[in-house]
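Since every read-out is calculated from the coordinates, none of them should be taken as a lab result. Since we're looking at a predicted model, the values are computed, not measured. Here the Cβ positions follow ideal geometry from the backbone for every residue, glycine too, while neighbour counts run over all protein chains shown.
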Protein chains: 2
Amino acid sequence: MGIAERKEREREEVKDLILNAAREIFLREGYENTSIRKIASQIEYSPGTIYLHYKDKNELLLALHDKAFECKMKSLFIDVQDIADPLERLKATGRSYLQYGIDNPQDYELMFILTCTMDALALKEEFWSDGAMAINMLKENVKACIEAGYFRKDLNLDEISLLLWSQVHGITSLYNTERLNIYSIEDKKEFMFRTLDVFFSIITHGLA
Amino acid sequence: MGIAERKEREREEVKDLILNAAREIFLREGYENTSIRKIASQIEYSPGTIYLHYKDKNELLLALHDKAFECKMKSLFIDVQDIADPLERLKATGRSYLQYGIDNPQDYELMFILTCTMDALALKEEFWSDGAMAINMLKENVKACIEAGYFRKDLNLDEISLLLWSQVHGITSLYNTERLNIYSIEDKKEFMFRTLDVFFSIITHGLA
DNA sequence: TTGTACAAATGAACACTGTTCAATATATTT
DNA sequence: AAATATATTGAACAGTGTTCATTTGTACAA
């Protein structure tokens, strides 16, 4: 009964072929300029074939989102895992997040900015699973900071995780969408990391 | 010599007609679904006419951006101007920003998320003028907080303004792009404002 | 009033887009 | 070899931004 298996494998191969081509074009030319026809011609298939593997362009986008998340976001948290001090680990995570976001703007847009209309509930689960894991690791880290005596005991983990996430996301996305250009500062990247450090110092000492 | 004047006025009227129609459709159907042909048919002109007043769709978008900024962002800062205490004024500004951002997601996307490719340098200046004013008012507010003894004296105004802006922008945009859905929290809006309040308490007291 | 110059508006045309689907080609099973 | 099932095609549809030769409408001089 190896034939059905091989068929299934071949289907999956084509599906991956499409996804990789889509990712290549997407990273090179951005979302707006990634067309079904371009993807199809790159892998030497007809446009119609793509619709045999992905319902529509949006589903393809969601698949790209998952791929980006799985590949990069996980490693972000794993790389800092061996930093023993929870506060230092938290800081390192924030800096890595910012660095990744500005180094891979297309990926970042896909993961945290683009609103791909997600109708199918099943897809929703897929979409969020890795993200939920990331948030949980962040919350675990905050909890460790509390247990280590860095933070107060009465803090709400959801609130603090959102606080941290939205701070780094805010800086990253303002930079990536070129909104930091209102600041007449030459080295914007240095400016961002400096500001992030100020944030971390505020976290422990406050602004007063 | 009133004829040339009238002609100029008529030109400006058509230009405004286009802009208002564009804004209407944009707010109703979003950026993606705002087409030149829709705008043209709404004001009963031909598609080509729009290109006599705006170089391309991007320039029309920039004009919309300016309008949104002028109308709303200014009033945001003016409305809180009569709050005497600088720290309370700062908090009120943040809350108003968040409220406006979640109440007007299309406008917010236009102002702070969409990256309209801005090639013309002249346009750039137009693009930023109101934004720079907003940032300056924010910096003034921070300065007032320092002078009132709420914040330390050695703080960098650029850093603190970015810190504040990116925090509220981060929360706002994560909500508007539906990224807060990873949190299994029923009332997301309440959650955001709660988190923003935690941020303000941290600013003065720290997390420790 | 007529003719001419000039600006404004048109709408067909071009090259693209996402998506569908009857027709065709290929591979497997009987 | 014939029948069946699956994979692939590419033309077609309705839409997009943008351009430009052509037409329309107005203003001024003869």
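Put a plus charge on the Cβ of each Lys and Arg, a minus charge on the Cβ of each Asp and Glu, and nothing anywhere else: the dipole of region A:5-87 about its Cα centre is then about 380 debye. Here chain B is treated as an ellipsoid with the same Cα gyration tensor; its semi-axes, largest first and in whole Å, are 38, 22, 13. Along its principal axes, region B:69-115 has C-alpha extents of 35, 17, 17 angstrom, given from the largest down. Relative protection proxy for B:75-87, B:5-17, B:101-113, B:162-174, from highest mean packing down: B:162-174, B:101-113, B:75-87, B:5-17 (other beta-carbon atoms within 10 angstrom).
Computed from Cα positions, the angle between helix A:57-68 and the longest principal axis of chain A comes to roughly 50 degrees.
Stokes-Einstein diffusion for region B:44-88, with the hydrodynamic radius set to the Kirkwood value over Cα pairs and evaluated at 25 °C in a medium of 0.890 mPa s, equals 185 µm²/s. Å³ per residue of the Cα convex hull, for region A:92-194? Once divided by residue count, the hull of region A:92-194 is 125 Å³.
Against the empirical 2.2 N^0.38 Å (N residues), the protein assembly as shown has a Cα radius of gyration ratio of 1.09. Out of every Cα-Cα pair in region B:137-193, what percent are more than 12 Å apart? Roughly 70 percent, rounded to a whole number. Where the centre of each part is set by its Cα atoms, how far does region A:178-194 sit from region B:47-85, in angstrom? Cα centres, region A:178-194 to region B:47-85: 23 Å.
Using the Cβ-Cβ distance between A:Val14 and B:Glu29 with R0 set to 41 Å, the FRET efficiency works out to roughly 0.70.
Between copies, the label points at A:Glu32 (set 7 angstrom from Cα along Cα-to-Cβ) are spaced 1.5 nm, reported in nanometres from shortest to longest. Shielding by partners for peptide A:191-198, expressed as the average number of C-beta atoms from other protein chains within 10 Å of each residue's C-beta, is 4.
Rounded to the nearest 10 degrees, the inclination of helix B:121-147 to the longest alpha-carbon principal axis of chain B is 20 degrees. With the label put 7 angstrom out from Cα along the Cα-to-Cβ vector, B:Ser201 ends up 2.5 nm from the copy partners, going from closest to farthest.
Remark: mean inter-chain Cβ contacts per residue of A:146-152 equal 2, using a 10 Å Cβ-Cβ cutoff to other protein chain atoms. For region A:1-87, report the translational diffusion coefficient in µm²/s to the nearest whole number, using Stokes-Einstein at 20 °C, 1.002 mPa s, and a Kirkwood Rh over Cα pairs. It diffuses with D of about 144 µm²/s by this estimate.
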